[in-house]
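Encoded as C-alpha coordinates, the structure appears first; notes follow it.
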Amino acid sequence: SGNCVDLVQKGFYNDMDIQRSDGFVVQTGDPKGEAEGYVGTPSKSVGAGKHGERLIPLEIFPKGDKGPFYETTIEDEGRGGEATVLPFSSYGAMGWAREEYDPNSGSSQFFWLLFDSDLTPAGKNVLDGRYPVFGYVVEGADFLRDIKEGDIIASAKVTEGKENLVQPK
(Lines give C-alpha, C1' and ligand atoms only; values in the text may rest on other atoms or scores of the structure.)
Protein backbone atom coordinates (compact mmCIF):
# COMPACT_ATOMS: atom_id res chain seq x y z
CA SER A 1 0.00 0.00 0.00
CA GLY A 2 2.96 2.31 0.56
CA ASN A 3 3.80 2.22 -3.14
CA CYS A 4 0.25 3.24 -4.07
CA VAL A 5 0.21 6.05 -1.47
CA ASP A 6 3.57 7.31 -2.78
CA LEU A 7 2.33 7.31 -6.39
CA VAL A 8 -0.92 9.06 -5.45
CA GLN A 9 1.11 11.72 -3.60
CA LYS A 10 3.25 12.19 -6.75
CA GLY A 11 0.09 12.65 -8.88
CA PHE A 12 0.94 9.57 -10.97
CA TYR A 13 -2.69 8.41 -11.29
CA ASN A 14 -4.09 11.86 -12.16
CA ASP A 15 -5.58 11.79 -15.68
CA MET A 16 -4.78 8.05 -15.94
CA ASP A 17 -7.15 5.95 -18.01
CA ILE A 18 -8.70 2.66 -16.98
CA GLN A 19 -6.95 0.02 -19.08
CA ARG A 20 -9.10 -3.00 -18.25
CA SER A 21 -12.71 -3.52 -17.20
CA ASP A 22 -13.87 -7.00 -18.05
CA GLY A 23 -16.32 -8.06 -15.34
CA PHE A 24 -13.53 -9.73 -13.34
CA VAL A 25 -11.33 -6.71 -12.53
CA VAL A 26 -11.00 -2.98 -13.19
CA GLN A 27 -7.31 -2.19 -13.73
CA THR A 28 -5.21 0.95 -14.15
CA GLY A 29 -1.67 2.20 -13.63
CA ASP A 30 -0.02 1.47 -17.00
CA PRO A 31 1.37 4.81 -18.21
CA LYS A 32 1.51 5.74 -21.87
CA GLY A 33 4.79 4.83 -23.60
CA GLU A 34 7.12 1.82 -23.43
CA ALA A 35 7.28 1.57 -19.65
CA GLU A 36 4.71 -0.74 -18.06
CA GLY A 37 4.78 1.07 -14.74
CA TYR A 38 6.07 4.07 -12.84
CA VAL A 39 9.57 5.09 -13.91
CA GLY A 40 11.55 6.21 -10.89
CA THR A 41 14.90 5.94 -9.21
CA PRO A 42 15.68 2.38 -8.12
CA SER A 43 17.20 1.69 -4.71
CA LYS A 44 18.60 -1.42 -3.05
CA SER A 45 15.09 -2.36 -1.89
CA VAL A 46 13.32 -1.42 -5.13
CA GLY A 47 14.46 -2.87 -8.48
CA ALA A 48 14.48 -1.45 -11.98
CA GLY A 49 12.41 -2.88 -14.85
CA LYS A 50 13.39 -3.25 -18.50
CA HIS A 51 12.22 0.30 -19.30
CA GLY A 52 13.27 1.85 -15.99
CA GLU A 53 10.10 0.92 -14.09
CA ARG A 54 10.29 1.00 -10.31
CA LEU A 55 9.63 -2.63 -9.35
CA ILE A 56 8.23 -3.64 -5.97
CA PRO A 57 8.93 -7.09 -4.48
CA LEU A 58 5.91 -9.33 -3.91
CA GLU A 59 4.79 -9.24 -0.26
CA ILE A 60 2.51 -11.96 1.14
CA PHE A 61 1.39 -12.12 4.78
CA PRO A 62 -0.17 -15.50 5.67
CA LYS A 63 -2.70 -15.52 8.48
CA GLY A 64 -1.07 -16.68 11.73
CA ASP A 65 2.48 -15.70 10.71
CA LYS A 66 4.40 -13.04 12.66
CA GLY A 67 5.20 -11.12 9.47
CA PRO A 68 5.13 -11.24 5.68
CA PHE A 69 7.50 -13.00 3.32
CA TYR A 70 8.80 -11.43 0.12
CA GLU A 71 9.66 -12.26 -3.49
CA THR A 72 7.80 -15.57 -3.66
CA THR A 73 4.21 -16.80 -3.82
CA ILE A 74 2.41 -18.81 -1.19
CA GLU A 75 2.46 -21.83 -3.55
CA ASP A 76 6.21 -21.49 -4.09
CA GLU A 77 6.58 -21.59 -0.30
CA GLY A 78 4.68 -24.91 -0.26
CA ARG A 79 1.74 -23.35 1.58
CA GLY A 80 -0.93 -23.29 -1.13
CA GLY A 81 -4.46 -22.94 0.21
CA GLU A 82 -3.48 -21.01 3.34
CA ALA A 83 -5.36 -17.77 3.99
CA THR A 84 -3.65 -14.39 3.95
CA VAL A 85 -4.13 -11.53 6.42
CA LEU A 86 -5.67 -9.42 3.64
CA PRO A 87 -7.47 -11.89 1.35
CA PHE A 88 -9.36 -11.35 -1.88
CA SER A 89 -12.52 -11.98 0.10
CA SER A 90 -14.80 -9.15 -0.93
CA TYR A 91 -16.00 -7.20 -3.93
CA GLY A 92 -13.65 -4.27 -4.50
CA ALA A 93 -10.51 -5.80 -2.96
CA MET A 94 -7.56 -3.81 -4.31
CA GLY A 95 -4.66 -5.92 -5.58
CA TRP A 96 -1.25 -5.13 -6.97
CA ALA A 97 -0.88 -6.29 -10.58
CA ARG A 98 2.28 -7.98 -11.83
CA GLU A 99 3.45 -10.34 -14.56
CA GLU A 100 2.06 -13.81 -13.90
CA TYR A 101 5.41 -15.61 -13.57
CA ASP A 102 7.54 -12.83 -12.06
CA PRO A 103 6.61 -12.15 -8.42
CA ASN A 104 8.77 -9.01 -8.29
CA SER A 105 7.36 -7.26 -11.36
CA GLY A 106 4.73 -5.07 -9.68
CA SER A 107 5.21 -1.35 -10.31
CA SER A 108 2.20 0.94 -10.52
CA GLN A 109 -0.60 -1.18 -11.97
CA PHE A 110 -3.35 -2.26 -9.60
CA PHE A 111 -6.84 -3.67 -9.86
CA TRP A 112 -10.16 -3.81 -8.07
CA LEU A 113 -11.63 -7.30 -7.92
CA LEU A 114 -15.23 -7.38 -9.20
CA PHE A 115 -16.45 -10.93 -8.71
CA ASP A 116 -18.25 -12.16 -5.62
CA SER A 117 -15.65 -13.94 -3.51
CA ASP A 118 -18.32 -15.73 -1.46
CA LEU A 119 -18.09 -18.33 -4.21
CA THR A 120 -14.32 -18.63 -3.67
CA PRO A 121 -13.35 -18.44 0.02
CA ALA A 122 -10.13 -16.79 1.15
CA GLY A 123 -7.14 -19.03 0.55
CA LYS A 124 -9.07 -21.10 -2.00
CA ASN A 125 -8.99 -18.80 -5.02
CA VAL A 126 -6.33 -18.17 -7.67
CA LEU A 127 -5.37 -14.72 -6.34
CA ASP A 128 -4.71 -15.19 -2.60
CA GLY A 129 -1.03 -15.66 -1.94
CA ARG A 130 -0.08 -14.91 -5.54
CA TYR A 131 -1.03 -11.22 -5.66
CA PRO A 132 -0.99 -8.87 -2.67
CA VAL A 133 -4.15 -7.15 -1.43
CA PHE A 134 -3.51 -3.65 -0.15
CA GLY A 135 -6.99 -2.27 0.40
CA TYR A 136 -10.74 -2.62 0.04
CA VAL A 137 -13.45 -0.39 -1.37
CA VAL A 138 -15.46 0.89 1.59
CA GLU A 139 -17.69 3.33 -0.32
CA GLY A 140 -18.82 3.56 -3.93
CA ALA A 141 -19.10 -0.12 -4.87
CA ASP A 142 -21.96 0.76 -7.23
CA PHE A 143 -19.72 3.33 -8.92
CA LEU A 144 -17.00 0.68 -9.36
CA ARG A 145 -19.44 -1.58 -11.25
CA ASP A 146 -20.01 1.17 -13.81
CA ILE A 147 -16.34 1.92 -14.63
CA LYS A 148 -15.46 1.13 -18.24
CA GLU A 149 -12.21 0.74 -20.12
CA GLY A 150 -11.10 4.19 -21.30
CA ASP A 151 -12.69 6.06 -18.37
CA ILE A 152 -10.30 8.59 -16.82
CA ILE A 153 -9.21 9.02 -13.21
CA ALA A 154 -9.37 12.81 -12.98
CA SER A 155 -7.37 12.82 -9.74
CA ALA A 156 -6.49 10.58 -6.83
CA LYS A 157 -6.02 11.70 -3.25
CA VAL A 158 -4.98 10.01 -0.02
CA THR A 159 -7.48 11.21 2.55
CA GLU A 160 -6.20 9.36 5.60
CA GLY A 161 -2.99 7.68 6.79
CA LYS A 162 -0.37 9.29 4.53
CA GLU A 163 1.67 10.18 7.63
CA ASN A 164 2.35 6.44 8.01
CA LEU A 165 4.22 6.22 4.69
CA VAL A 166 7.89 5.33 5.22
CA GLN A 167 10.15 5.78 2.19
CA PRO A 168 12.70 2.98 1.53
CA LYS A 169 16.30 3.86 2.20
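The values are calculated or read from the model by the stated rules, or taken from the named source; none is laboratory data. Quick caveat, the model's predicted, so the values are computed rather than measured. Every residue, glycine as well, gets a Cβ built from its backbone with ideal geometry; the counts of neighbours run over all protein chains shown. All accessible areas refer to the heavy atoms of the entire protein, side chains included, with ligands and DNA or RNA removed. Shrake-Rupley method; radii C 1.70, N 1.55, O 1.52, S 1.80 Å.
Can you tell me which residue within the stretch 106-121, out of those that are farther than 23 Å from Gln19 by Cα and open to solvent by 40 Å² or more (accessible area, probe 1.4 Å), is modelled with the lowest pLDDT?
Step one: filter the stretch 106-121 for residues farther than 23 Å from Gln19 by Cα, giving 118-121.
If we keep only those that are open to solvent by 40 Å² or more (accessible area, probe 1.4 Å) too, we end up with 118-119, 121.
Numbers: Asp118: 61, Leu119: 57, Pro121: 62.
Ranking the qualifying residues of the stretch 106-121, first place goes to Leu119.
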Open item on the list: Pairs please, first residue from the stretch 55-74 and closer than 14 Å to Tyr101 by Cα, second anywhere and open to solvent by 30 Å² or more (accessible area, probe 1.4 Å) and among the hydroxyl-bearing types (Ser, Thr, Tyr), Cβ atoms under 9 Å, 6+ apart in sequence or on different chains.
Closed with: Pro57/Ser45; Pro57/Tyr70; Leu58/Tyr70; Leu58/Tyr131; Thr73/Tyr131
Task: First in the stretch 1-27 and within 21 Å of Glu163 (Cα to Cα), second anywhere and modelled with pLDDT of 90 or more and of a type in the set (Val, Ile, Thr), Cβ under 9 Å, 6 or more apart - done: Tyr13/Thr28; Tyr13/Ile153; Asn14/Val8; Asn14/Ile153
Open item on the list: Residues that are at pLDDT 90 or above, closer than 21 Å to Ser1 by Cβ, open to solvent by 40 Å² or more (accessible area, probe 1.4 Å) and not in a strand (DSSP E or B): does the stretch 133-141 have at least one?
Closed with: no
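Among the strands (runs of 3 or more DSSP E) contained in the stretch 1-105, which hold 2 or more residues that are surrounded by fewer than 19 Cβ atoms within 10 Å (Cβ to Cβ) and touching an Asp or Glu at 6+ places or on another chain (Cβ under 7 Å)?
Result: 16-21.
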Open item on the list: Looking at the stretch 143-154, can you tell me whether even one residue there is farther than 27 Å from Met16 by Cα, in a loop (DSSP other than H, G, I, E, B) and open to solvent by less than 30 Å² (accessible area, probe 1.4 Å)?
Closed with: no
